[in-house]
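A quick write-up on the structure given underneath.
The values are calculated or read from the model by the stated rules, or taken from the named source; none is laboratory data. Predicted model, so just to flag it, every value in this text is computed and none were measured. Don't worry about glycine lacking a Cβ; one is built from the backbone with ideal geometry, like all the others, and counts go over all protein chains shown.
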Amino acid sequence: MERALIITDAPKAMRFFQDFLKSYGYQKIRLCATVEDGKQAMSDFSPDICVINGPIGTESGEDFSVELASDMNCQVILFVKEDYYDDVSDNVEKEGVLVLPKPVSRSLFARALGFAEAADGRMKKACQEIKRLERKLEEVRIVNRAKSILMNEKNMSEAEAHRYIEKTAMDRRVPRGQVAEEIIEFYQV
């Protein structure tokens with residue numbers, strides 16, 4: 001993780017969070033003083049982690065933290081006053097937001113940051129696996145469509161059509177999906 005977004009309207013807290021994250025290797029840090037700026041930064045900056053120091057202006061930060069956490073590409077740590085910690089954590093932790101009470105100790109922040117980084121790593125691996133499976137599923141769909149075309153146009157059985165696509169791909173040393181796409185394009189179905 002290298003990109004961090006800090007949202008707080010307190011200059012002293014902004015400096016603390018920025019220095020802390022830099023000491024943990026975050027190289028690209030965007031600072032925002034309002035929720036609106038934070039929303040804009042989410043779309044332009046794509047941070048790995050977002051630190052929200054609630055309240056921000058008139059907003060507690062709860063709704064915004066949940067909105068950010070719903071984006072699978074960002075881990076969210078929300079800081080709230082200790083008096084509100086239990087209520088806020090009950091409301092937002094089930095949505096994936098890490099909540100820490102203020103004032104916070106450096107060691108507790110470091111643990112939360114470590115947890116967020118681990119969760120981010122697992123989520124990115126899961127997203128990569130989902131993309132890989134989606135590509136595989138698309139290839140299966142294309143191959144099935146090409147088999148169907150061969151069955152209709154060349155009167156092949158499904159097994160023969162499958163074997164034809166497999167053998168052609170192997171002989172030409174290209175993926176099955178490419179052979180299937182060429183069959184679909186040739187017959188323009």
Open item on the list: Please verify whether Glu117 is assigned by TED's automatic domain parsing to the domain that holds Ile29 and among the charged types (D, E, K, R), treating the condition exactly as stated.
Closed with: no
Open item on the list: Pull out all pairs, ordered by first then second residue, where Cβ-Cβ is under 7 Å, the residues are six or more apart or on different chains, the first lies in region 85-111 and is within 19 Å of Cys74 (Cβ to Cβ), and the second is of a type in the set (Phe, Trp, Tyr) and surrounded by 13 or more Cβ atoms within 10 Å (Cβ to Cβ).
Closed with: Leu98/Phe115; Val99/Tyr85; Leu100/Phe79; Leu100/Phe109; Phe109/Phe20
- [ ] Give just the number: which of (1) in contact with a Leu (Cβ under 8 Å, 6 or more places away or on another chain); (2) within 30 Å of Tyr26 (Cα to Cα); (3) assigned to a helix (DSSP H, G or I) does Ser107 not satisfy?
- [x] (1)
- [ ] Tell me which residues, restricted to region 149-189, are surrounded by fewer than 16 Cβ atoms within 10 Å (Cβ to Cβ) and assigned to a loop (DSSP other than H, G, I, E, B).
- [x] Lys154, Asn155, Ser157, Arg173, Val174, Pro175, Gln188, Val189
Task: In region 14-36, residue farthest from the chain's Cα centre (by Cα) [restricted to those that are crowded, with 16+ Cβ neighbours inside 10 Å and part of a helix (DSSP H, G or I)] - done: Phe16
TODO: Enumerate the pairs (first residue in region 151-172 and polar (S, T, N, Q); second residue anywhere and part of a helix (DSSP H, G or I)) with beta-carbon separation below 6 Å, excluding pairs fewer than 6 apart on the same chain, so at least 6 apart or on different chains.
DONE: Thr168/Val179
Task: Residue match in region 79-100 (condition: surrounded by 14 or more Cβ atoms within 10 Å (Cβ to Cβ), among the acidic types (Asp, Glu), in contact with a helix residue (DSSP H, G or I) (Cβ under 9 Å, 6 or more places away or on another chain) and closer than 22 Å to Gly38 by Cβ) - done: yes
- [ ] Output the residues belonging to region 72-99 that are farther than 27 Å from Cys127 by Cα and assigned to a strand (DSSP E or B).
- [x] Phe79, Val80, Lys81
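Take the residues in region 37-59 that are among the small types (Gly, Ala, Ser) and part of a helix (DSSP H, G or I); name whichever of them is farthest from the chain's Cα centre (by Cα).
Checking each candidate, the answer is Gly38.
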Open item on the list: Looking at region 63-86, can you tell me whether even one residue there is more than 24 Å from Gln128 (Cα to Cα) and touching a Phe, Trp or Tyr at 6+ places or on another chain (Cβ under 6 Å)?
Closed with: no
